Amino acid sequence: MNLKREIPTSTMSGFALSAVLVLTILNILLQNIPTKIQTAGDELLKLNSTEGVANAVTTVVVYFRGFDTLGEIAVLFIASLGIGLMLDSNNRCNIKAESNFMLQTASKFLFPIIMLFGIYVMIYGHLSPGGGFQGGVIIASGVLLLLISHKEFEVPHSVIVLLETFAGVSYVLIGLIGLVVLDTFLGNFLPHDISNMGLLMSGGIIPIIYIIVGIKVGSEMGMIVQNLIKRSDNV
Amino acid sequence: MTGIIILATFMGIIIIAFASIIQKKLADSIILFMGVGLGSVVLFFTFKAPDVALTEAVIGAGISSLIFLMALKHLGEKV
Amino acid sequence: MFEFFNQPEVIKIIVIIGSMALFFVGIFGLLTQKHLIKIFMSISMIESSLFLFFIGLMYKKSFLAPILTSNQEGFTNMNDPIPHAMILTAIVIGMAVLALGVSFAIEYYKLTGKTNIDEMTSLRH
Amino acid sequence: MVEYIGYIFIFIGVMTFLLSAIGLVRMPDVYTRMHAGTKATTMGTILVIIGAIFTEPSWAWKLILLAIFILLTNPLSSSVLARATHKDGAVLESDELKEVSK
């Protein structure tokens, strides 16, 4: 960035004009900040106390916007597919540094703890902060630890295919069962009593759907990580 | 106190982001970029959105750094 | 002195100006930097500023997180959960799309050996 | 009453963090900076966790798990960092054992 260069007049005038515009827009924005607005969220929280689970964000993601979440994990799948097509992975790790004895031993201890934490975040997604998206990415970072520390480690492709197919098919199947039983796609056909809100086995299909989303996100993110690490290096 | 925390974190994020943009070495730039993600985690938690904070913590500090570092390994420093 | 910053209007002004500043830092990087990794980094910063704007605009100071705990009754006095749900999925999808873009960049470098966007002129003629 | 014991623990932990930050600025080279930045943060985090156990006794089991996880990962990550800097060719600022080792 060469600041000593002469700045032309047109640039200067354009800069001044944009500054005036930004200040004007800012002025309009700051004068019209409403202090009390009625949002869709208030109605939704009211509905959540009769239909949903303790974590209202989970209800919105999985139940009220469940069809959109299906589309979003389809976007994730297509991104993962594109990365797998772009980076033709062979079975050779392309990180040149050797991992030492300490990292190899400790990663064997740490990997089950990270997986346990990811599964906890996934299963308790309807009671506490967390859920399928976060738990899936935590599991993928556990896979990343093993990929870095052990050169020969690789998640078998058949396992990824099995998990992803199972998750996608069961998501659509649960939605279709809801369509048959309750005339709504992803209708909550399992018993969900409001009185035991806050227990682990409450909320009907909402925790099941979020666990399915977690499995799908975890396998897709793990595949992205593995493709990035194990790319063929002959540039 | 909440307002002062929000103001200070925003100023820190903006300074770190600008330093990350104008850095000459790409490795330094990537490390500073992770600082933007960490500041966002603090802000999301202050805004009472723990779900989003957890997501940003996992993504911004874990996987995003891996993606940029693998890109640096393959593309190199040369402009 | 600290009470001045705790007013809801002042917090909204801080959020608006701060995320606009982060947005323009990203635009500055997008316009001045030449390396592909810096470009992706700037795009990611612009995304971050939008997420902060979205969440911070709906923040009410006296309200709680939208999660029911044992010592509160009913879904009252809670922040709006809709922006949280939107941004939560947007972060994950933004990361996956970033990984896809980086893989495109790696393949392009493998084919042509260029990382400077000023030299990428093969489609110009 | 029990909360105040917790606050004292949290204060000592935060002071340890402050010492670690001062050490990061003051130390001359990579290895000593790493020494200040990793050892002190392990102790500081564990002291803050002990303070949190005193202030919120119902979270005790989760916090103990967190402390065990930090005790496992923090020395490991600092060891890996030190190994990487040594492979990268970093040297000490004033090597007082240089005459002995030759």
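Rule-based calculations on the coordinates, nothing more; no lab input. Fair warning: this is a prediction, and the values are worked out from it, not measured in the lab. Methodologically, a virtual Cβ is constructed for each residue, glycine included, from the backbone with ideal geometry; neighbour enumeration extends over all protein chains shown.
Under the definition of Cα pairs under 8 Å and six or more residues apart, what whole-number percent is the relative contact order of chain A? Before the final figure, lay out each step's value.
Numbers: 262 pairs, mean separation 67.4, N = 235.
It comes to 29 percent, rounded to a whole number.
For the protein assembly as shown, the square roots of the Cα gyration tensor eigenvalues, ordered a ≥ b ≥ c, give a/c below 1.5, which places it in the rounded category. With kT/(6 pi eta Rh) evaluated at 25 °C and eta = 0.890 mPa s, and Rh the Kirkwood radius from Cα pairs, segment D:2-89 diffuses with a coefficient of 176 µm²/s according to Stokes-Einstein.
Using only the C-alpha atoms of chain C, find the volume of their convex hull and express it per residue in Å³.
Details: hull volume 18.0 nm³, N = 125.
Convex hull volume per residue, Cα atoms: 144 Å³.
Cα-based values for chain A, radius of gyration first and Dmax second, are 24.4, 73 Å. Taking every residue in C:8-16 and counting other chain Cβ atoms within 10 Å of its Cβ, the average works out to 4. Computed from Cα atoms alone, the Kirkwood hydrodynamic radius reported for segment B:2-75 is 12.9 Å.
Look at A:Asp42, B:Asp51, A:Asp88 and count the other Cβ atoms within 10 Å of each Cβ; fewest to most, that gives A:Asp88, A:Asp42, B:Asp51. Partners of D:Lys87 within straight-line reach, counting aspartates and glutamates whose Cα lies under 14 Å from its Cα and excluding those fewer than 8 residues away in the same chain: A:Glu98.
Against the main long axis of the alpha-carbon atoms of chain C, helix C:81-112 sits at an angle near 10°. How many angstrom separate the Cα center of segment D:48-102 from the Cα center of segment B:22-74? Centre-to-centre distance over Cα atoms comes out at 21 Å. Computed from Cα positions, the angle between helix C:8-32 and the longest principal axis of chain C comes to roughly 0 degrees. In a simple Cβ point-charge model (Lys, Arg +1; Asp, Glu -1; nothing else charged), chain B has a dipole of about 220 debye relative to its Cα centre.
Candidate cross-link partners of C:Lys60 among the lysines, defined by an alpha-carbon separation under 19 Å and a same-chain spacing of 8 or more, comprise A:Lys36, A:Lys46, B:Lys48, C:Lys12.
Per residue of C:49-61, other chain Cβ atoms within 10 Å of the residue Cβ number 5 on average. Annotation: amide H-H contacts under 5 Å for A:Arg231 (H modelled 1.01 Å from N, sequence separation of 5 or more, or interchain): A:Asn94.
For chain A, return all DSSP H helices satisfying: extent of Cα atoms along own axis at least 27 Å; mean Kyte-Doolittle hydropathy at least 0.5. Write out the running numbers ahead of the final one.
Numbers: long enough: A:9-31 (33 Å, 1.59); A:66-86 (30 Å, 1.61); A:101-123 (34 Å, 1.74); A:157-182 (37 Å, 2.10); A:206-229 (34 Å, 1.54).
Sorted by number, the helices that extend far enough and score high enough are A:9-31, A:66-86, A:101-123, A:157-182, A:206-229.
Note on segment C:53-105 and segment A:40-89: Cα centroid distance 12 Å, given to the nearest whole angstrom. Let me know the longest stretch in chain C that avoids all GluC sites (Glu not before Pro) found in a DSSP loop with at most 13 other C-beta atoms within 10 Å. With a cap of 13 other Cβ atoms within 10 Å, the longest stretch comes to C:1-72.
Based on other C-beta atoms within 10 Å, arrange B:Thr46, A:Thr69, A:Thr50 from fewest to most. Don't skip to the answer; put the middle values down first.
Values: B:Thr46 19, A:Thr69 23, A:Thr50 9.
Final ranking by Cβ density, sparse to dense: A:Thr50, B:Thr46, A:Thr69.
Between D:Glu93 and C:Ile17, the distance separating the two model label sites (each 7 Å from Cα on the Cα→Cβ line) works out to 3.9 nm. Relative to the dominant Cα principal axis of chain C, helix C:36-57 is inclined by about 20°. By the helix-only formula, in which each DSSP H run with n ≥ 4 contributes -39500 (n - 2.57) and the sum is divided by residues, the protein assembly as shown has a 222 nm mean residue ellipticity of -24000 deg cm²/dmol.
For segment D:32-102, which GluC sites (Glu not before Pro) are in a loop by DSSP, counting at most 13 other Cβ atoms within 10 Å? Can you show the working numbers first?
Numbers: sites: D:Glu93, D:Glu96, D:Glu99; in loops: D:Glu93, D:Glu96.
Filter output for segment D:32-102: D:Glu93, D:Glu96.
Neighbour counting of Cβ atoms within 10 Å sorts the residues D:His86, A:His126, fewest neighbours leading, into D:His86, A:His126.
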